[in-house]
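**Q** Take this structure first; my questions come after.
The values are calculated or read from the model by the stated rules, or taken from the named source; none is laboratory data. Every value quoted in this text rests on a predicted model; they were computed, and no experiment measured them. With ideal geometry, Cβ positions are generated from the backbone for all residues, glycine too; neighbour counts draw on all protein chains shown. Areas reflect the complete protein model, heavy atoms only, side chains present, ligands, DNA and RNA absent. Shrake-Rupley method; radii C 1.70, N 1.55, O 1.52, S 1.80 Å.
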Amino acid sequence: MIAKSERLAHVHSDIRGPLYTEALRMQAEGTPVLKLNTGNPGNFGFGLPQSVRQALEGNLEKAVPYCDVRGMPQARQAILNYHRSRGIQGIVADDIFVGNGVSEVVSMLMTALVGPGDEILMPTPCYSLWSNNTYIGGGKPVFYRCDPQAKWAPDLADMEGKITSRTKAILLINPNNPTGAVYGKEVLLAVAELARKHKLLLLSDEIYDRLIMDDVPYDSIAALAPDLPCVTFNGLSKSHAICGFRCGWMVFSGPGLEDVKQGVMQLASMRLCGNALTQLVIPAALEDFASTRAMMVPGGRLYEQRRAAMEGLKNIDGLNVEENKAAFYIFPGLDKEKFDFVDDQDFAMQFLHEEKVLVIPGRGFDWHEDLRFRIVMLPEPEELSQAMEKLAAFLNRHRR
Ligand code: PLP
């Protein structure tokens, strides 16, 4: 057998891991499974926004040649306008790199940034893209705690206590996957102060910044800390429900990033350019706030789905849940003493087998503090209500 590279030894993605494989096996045997494992709205009947469709119609020829390594000029101009409107100062089009999803630009940035022994501070719970890219670079993800008792805000004392001479950057995922939390301005200013004090780079994954409910105010950390080096990540997978288009970008702002940016340029050049077809839709999509907003307000799909999920969850004895303010996710916890599960993986596997619903256990997000799991609230309200009823019945059967 030819062995895979040792760099992959710690890489893990439970979202498409053993539970997912088991769900696929069950489906192949003819058992329908409700798969609440990925934030992939197109799988749940979210249609193509009209703005995106129109941007493609009649324009396909424009995407035939390789485009600019950093991204098409019109796309980068639209991205520039968007992030300037978010308050990020001093940026120009050449500070922007467009790629095949946030996933690709994260990979490029982390390859350019992380070397053996480097430490990146990142949240627990965390979306595993970030830890995995740190491992691949030979670096170490160091997890700072987000606090379920404080609406999932980062624990700043924990964060500062974990800074070492090897720490290179602090990552924020805001709004957060998997907690659905949106961080307030004070939290962001405090994180920026830590970065300032310890001379660290700020990384901010903001892919859910247009998917916020309840009129919660939103700030981009780069806008609050123009004196600090910062890389901000965003894309269209979630806001326009076009995950399959693979469309994401990053924006470099603040001082001291020339070397890393040059590294990213080397990597971007190696892959010639991002998918040009998807870049055609960026200007129109970034002007179309309306289709995203419509999902997030009362009567809108995501708002009503959250209501259905929360209704179903709130009366379950032994389950604690913080209402999500953004994104597609809810991250409830179980009172371990009240149930007979060995751990979060055991809970999720038994739930899959007994109720045919797939959820991802906390460990998939590097969360080990208590027994938690992530629910993706993308099915229509009725289907979500049924899934929550199944959860309640399942938990009743497993009470001690
Ligand atoms: N960042 C976060 C926090 C995500 O939740 C996801 C996808 O779920 C991504 C990045 C990847 O997005 P993309 O489809 O742009 O690669």
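**Q** Does a label point 7 Å from the Cα of His353, set along Cα-to-beta-carbon, have any residues of segment 382-396 with amide nitrogen under 20 Å, and which are they?
**A** 390-396
**Q** Still on this structure: Normalised by the residues of segment 129-225, what does the relative contact order come to in percent, with Cα pairs under 8 Å and at least six apart?
**A** Working: 97 pairs, mean separation 24.1, N = 97.
Relative CO of segment 129-225 lands at 25 percent.
**Q** Let me ask you something else. Top mean-square fluctuation among Ala348, Ala75, Ala157, Gaussian network model of the chain, C-alpha springs under 10 Å?
**A** Among Ala348, Ala75, Ala157, the largest mean-square fluctuation in the Gaussian network model of the chain belongs to Ala157.
**Q** Which of the three applies to segment 117-183, rounded, prolate or oblate, going by the alpha-carbon gyration tensor with a ≥ b ≥ c and a/c under 1.5 meaning rounded? Show your work: numbers first, answer last.
**A** Values: a/c = 2.75, a/b = 1.44, b/c = 1.91.
The shape class here is oblate.
**Q** How much mean residue ellipticity at 222 nm does the chain get from its helices, if each DSSP H run of length 4 or more adds -39500 (n - 2.57) and you divide by all residues, to the nearest 500 deg cm²/dmol?
**A** -11000 deg cm²/dmol
**Q** Here's another thing I want to ask about it. Go from 0 up to the bin containing the longest alpha carbon distance in segment 209-251, width 5 Å each, and give me the % of pairs per bin.
**A** Per 5 Å bin, starting at zero, the Cα-Cα P(r) for segment 209-251 comes out as 5, 18, 21, 21, 19, 12, 3, 0 percent.
**Q** Would you work out which of Pro178, Trp249, Ala190 lies farthest towards the positive end of the dipole of the chain? Charges go on Cβ: Lys and Arg +1, Asp and Glu -1.
**A** Trp249
**Q** Tabulate in residue order the Karplus-calculated ³J(HN,Hα) for segment 288-305, using 6.51 cos²θ - 1.76 cosθ + 1.60 with θ = phi - 60°, rounded to whole Hz; enter x for Gly and Pro.
**A** 8, 6, 4, 5, 6, 4, 4, 7, 9, 9, x, x, x, 4, 5, 4, 5, 5
**Q** Calculate the spin-label point distance for Ala93 paired with Glu323, positioning each point 7 Å from the Cα along the beta-carbon direction, and give it in nanometres.
**A** Between Glu323 and Ala93, the simple spin-label model gives 4.4 nm.
**Q** Same structure, new question: Under 5 Å between amide hydrogens, which residues at least 5 positions from Asp155 or on another chain qualify, with H placed 1.01 Å from N in the peptide plane?
**A** Under 5 Å from the amide H of Asp155 lie the amide H atoms of Arg145, Cys146, Asp147, each far enough along the sequence or on another chain.
**Q** Also, I was wondering about something else. For a test of the definition: using alpha carbon positions, the gyration tensor, and the 1.5 limit on a/c, classify segment 273-345 as rounded, prolate or oblate. Please report the intermediate quantities before stating the final value.
**A** Working: a/c = 5.21, a/b = 2.01, b/c = 2.60.
It comes out oblate by the Cα gyration axes.
**Q** Would you list which lysines come within 21 Å of Lys314, measuring only between C-alpha atoms, while excluding same-chain residues fewer than 8 positions from it?
**A** Of all the lysines, those that pass the test against Lys314 - Cα under 21 Å, at least 8 places apart if same chain - are Lys151, Lys325, Lys336, Lys338, Lys390.
**Q** Give me the distance between the Cα centres of segment 52-90 and segment 349-383, rounded to whole Å.
**A** If you average the Cα positions of each part, the centres end up 36 Å apart.
**Q** Would you mind getting me the FRET efficiency between Glu57 and Glu287? Use the beta-carbon distance for r and R0 = 25 Å, nearest 0.05.
**A** Efficiency at R0 = 25 Å is approximately 0.95.
**Q** Moving to a separate point now. Considering only DSSP beta bridges with both partners in segment 196-315, what is the antiparallel share in %, to the nearest 5? Mind showing how you got there, number by number?
**A** Values: 6 of 10 bridges.
Bridges in segment 196-315 that DSSP calls antiparallel: roughly 60 percent.
**Q** Between Lys261 and Gln386, what is the FRET efficiency for a Förster distance of 56 Å, r being their Cβ-Cβ separation, to the nearest 0.05? Present the calculation step by step, with values, prior to reporting the outcome.
**A** Values: r = 49 Å, r/R0 = 0.88.
The value I calculate is 0.70.
**Q** Counting only DSSP beta bridges with both residues in the chain, what percent are antiparallel, rounded to the nearest 5? Spell out each step's value before the answer.
**A** On the way: 22 of 42 bridges.
Taking every DSSP beta bridge with both residues in the chain, the antiparallel ones total about 50 percent.
**Q** Right, another one. Report the gain in length on full extension from Ala157 to Ala9: 0.36 nm times residue separation, minus Cα-Cα distance, nm rounded to one decimal.
**A** Numbers: separation 148, 0.36 × 148 = 53.28 nm, distance 3.05 nm.
Value of the extension gain: 50.2 nm.
**Q** D for segment 1-131, whole µm²/s, Stokes-Einstein with Kirkwood Rh over alpha-carbon pairs at 37 °C and 0.692 mPa s: what number? Intermediate results must be reported in sequence, preceding the final value.
**A** On the way: Rh = 19.3 Å.
D, rounded to a whole number, is 170 µm²/s.
**Q** Sticking with this one: Rounded, prolate or oblate: which fits segment 60-205, taking a ≥ b ≥ c as square roots of the Cα gyration tensor eigenvalues, rounded meaning a/c under 1.5, else prolate when a/b beats b/c?
**A** Details: a/c = 1.97, a/b = 1.56, b/c = 1.26.
It comes out prolate by the Cα gyration axes.
**Q** Whole angstrom only: what separates the Cα centroid of segment 156-184 from the Cα centroid of segment 196-261?
**A** 14 Å
**Q** Go from 0 up to the bin containing the longest alpha carbon distance in segment 232-330, width 10 Å each, and give me the % of pairs per bin.
**A** 12, 30, 27, 19, 11, 1
**Q** Now, a different point. Quick one: pull the percent of accessible area on segment 333-373 belonging to carbon and sulfur, 1.4 Å probe, ligands and nucleic acids left out. Numbers along the way, then the final one.
**A** Values: 720 of 1460 Å².
Carbon and sulfur atoms account for 49 percent of the accessible area of segment 333-373.
**Q** Another question, if that's okay. Test of understanding: in a Gaussian network model of the chain with alpha carbons linked when under 10 Å, which of Glu104, Glu369, Glu119 would top the mean-square fluctuation ranking?
**A** Glu369
**Q** Among residues other than Lys261 whose Cβ falls under 13 Å from its Cβ, what is the net charge (Lys/Arg +1, Asp/Glu -1)?
**A** Working: positive: Arg70; negative: Asp94, Asp95, Glu258, Asp259.
Local charge sum for Lys261: -3.
**Q** Shifting gears a bit: May I have the extent of the alpha carbons of the chain along their three principal axes, as whole Å values ordered from largest to smallest?
**A** Each principal axis gives a Cα extent; for the chain these are 58, 54, 54 Å.
**Q** Rank these by accessible area, largest first, 1.4 Å probe: Ser131, Ser85. Walk me through the numbers on the way to the answer.
**A** Details: Ser131 0, Ser85 90 Å².
Greatest to least solvent exposure: Ser85, Ser131.
**Q** Amide H neighbours of Val142 under 5 Å, counting only residues 5+ apart in sequence or on other chains, H built in-plane at 1.01 Å?
**A** So Val142 has HN proximity to Ile120, Leu121, Met122.
**Q** Using the heavy atoms of the protein chains alone and a 1.4 angstrom probe, what is the accessible area of segment 21-92 per residue in square angstrom? Show your work: numbers first, answer last.
**A** Working: 3980 Å² over 72 residues.
Heavy-atom SASA per residue in segment 21-92 reads 55 Å².
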